[in-house]
Amino acid sequence: MRIIAGEKRGHRISAPKGVTTRPTSDFVRETAFNLIGPVDGAAVLDVFAGSGALGLEALSRGAARATFVDSDRDACRTINANLDKLKLHATVLCQDALRALSTERSTYDLVLADPPYDYRQLDRIAPHLKRVLAPDGLLVYQSDARTEPAIDGLEIRTSRKYGSARLTLFEVEGDG
């Protein structure tokens, strides 16, 4: 995997070993950021971060700060190693997404959520995802292509399939 654009463009990043993490492909990451648009100065939250590829991409493209959340210790070590390699600074929270979101007090301009495709707790984390999203912020939720996620209080800007993945971009209702 590599960083697609920005200051760290072309730099390779690592992914955790094993099958518990499904890194977002370069193509899907590039497509996501084409849909997101500029992230200059943004505060970013990368939930279910895995390798941290989405948040690292945002930092490379000019985001001001990022917080990464993953419950897997190998993933957290990988994110920290990628941050060190790229000489970037961010916060890494090695804890369950629901716990991290329920205690988070900051709001974010961009929230990136890429849970395992068999994740069945969107209804439990959705209120927290909405709460941490800034009023003019954007939530990018990646799911398997057959799943069409919905979050009360957020409206879908767009939802698109890319192979086995679906990217759904949410914003606060009435913001569009």
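Looking at the stretch 97-112 only, could you name the residues that are farther than 14 Å from ASP123 by Cα and among the polar types (S, T, N, Q)?
Answer for the stretch 97-112, where residues must be farther than 14 Å from ASP123 by Cα and among the polar types (S, T, N, Q): THR103, SER106, THR107.
Would you call ASP26 under 24 Å from ARG157 (Cα atoms), surrounded by fewer than 17 Cβ atoms within 10 Å (Cβ to Cβ) and among the charged types (D, E, K, R)? Don't jump to the end; show me each part of the working.
Details: under 24 Å from ARG157 (Cα atoms): yes; surrounded by fewer than 17 Cβ atoms within 10 Å (Cβ to Cβ): yes; among the charged types (D, E, K, R): yes.
Criteria met by ASP26.
Would you be able to tell me the number of residues in the stretch 61-78 that are surrounded by 22 or more Cβ atoms within 10 Å (Cβ to Cβ) and of a type in the set (Ser, Thr, Tyr)?
1
Having 3 or more residues that are surrounded by 15 or more Cβ atoms within 10 Å (Cβ to Cβ) and touching a residue at least 60 places away in the same chain (Cβ under 8 Å) is the bar; report the strands (runs of 3 or more DSSP E) wholly within the stretch 79-176 that clear it.
Values: elements: 91-94, 108-113, 133-144, 154-162, 165-172.
Once the strands (runs of 3 or more DSSP E) in the stretch 79-176 are filtered for at least 3 residues that are surrounded by 15 or more Cβ atoms within 10 Å (Cβ to Cβ) and touching a residue at least 60 places away in the same chain (Cβ under 8 Å), what remains is 108-113, 133-144, 165-172.
List the number of the failed condition for LEU86; all other conditions in (1) aliphatic (A, V, I, L, M); (2) at pLDDT 95 or above; (3) in contact with a Gly (Cβ under 8 Å, 6 or more places away or on another chain) hold.
For LEU86, the exception is condition (3).
How about the stretch 53-78: which of its residues are farther than 14 Å from GLN95 by Cα and in contact (Cβ under 8 Å) with a residue 40 or more places away in the chain? Break it down stepwise before answering.
The first filter runs over the stretch 53-78 and keeps only residues farther than 14 Å from GLN95 by Cα, leaving 53-66, 78.
Residues satisfying the conditions are ALA53, LEU54, GLY55, LEU56, GLU57, ALA58, LEU59, SER60, ARG61, GLY62, ALA63, THR78.
Tell me yes or no: at least one residue of the stretch 58-73 is at pLDDT 95 or above, outside any loop (DSSP other than H, G, I, E, B) and closer than 15 Å to LEU167 by Cβ.
yes
Taking the conditions exactly as written (more than 24 Å from SER51 (Cα to Cα) and either out of contact with any strand residue (DSSP E or B) (no Cβ under 9 Å at 6 or more places or on another chain) or of a type outside the set (A, V, I, L, M, F, W, C) (or both)), does PRO116 satisfy them or not?
Spelling it out, it is not the case that PRO116 is more than 24 Å from SER51 (Cα to Cα) and either out of contact with any strand residue (DSSP E or B) (no Cβ under 9 Å at 6 or more places or on another chain) or of a type outside the set (A, V, I, L, M, F, W, C) (or both).
Just to be sure I understand the filter: pairs with C-beta atoms under 7 Å, separated by 6 or more residues or on different chains, first member in the stretch 2-18 and modelled with pLDDT of 90 or more, second member part of a loop (DSSP other than H, G, I, E, B) and among the charged types (D, E, K, R). Which pairs pass?
Taking only residues 6 or more apart or on different chains, the pairs are ILE3/ARG9; ALA5/ARG61; GLY6/ARG61.
The values are calculated or read from the model by the stated rules, or taken from the named source; none is laboratory data. Please read these numbers as outputs of a predicted model, since none were measured by experiment. Note: ideal-geometry Cβ built from the backbone for every residue, glycine included; neighbour counts use all protein chains shown.
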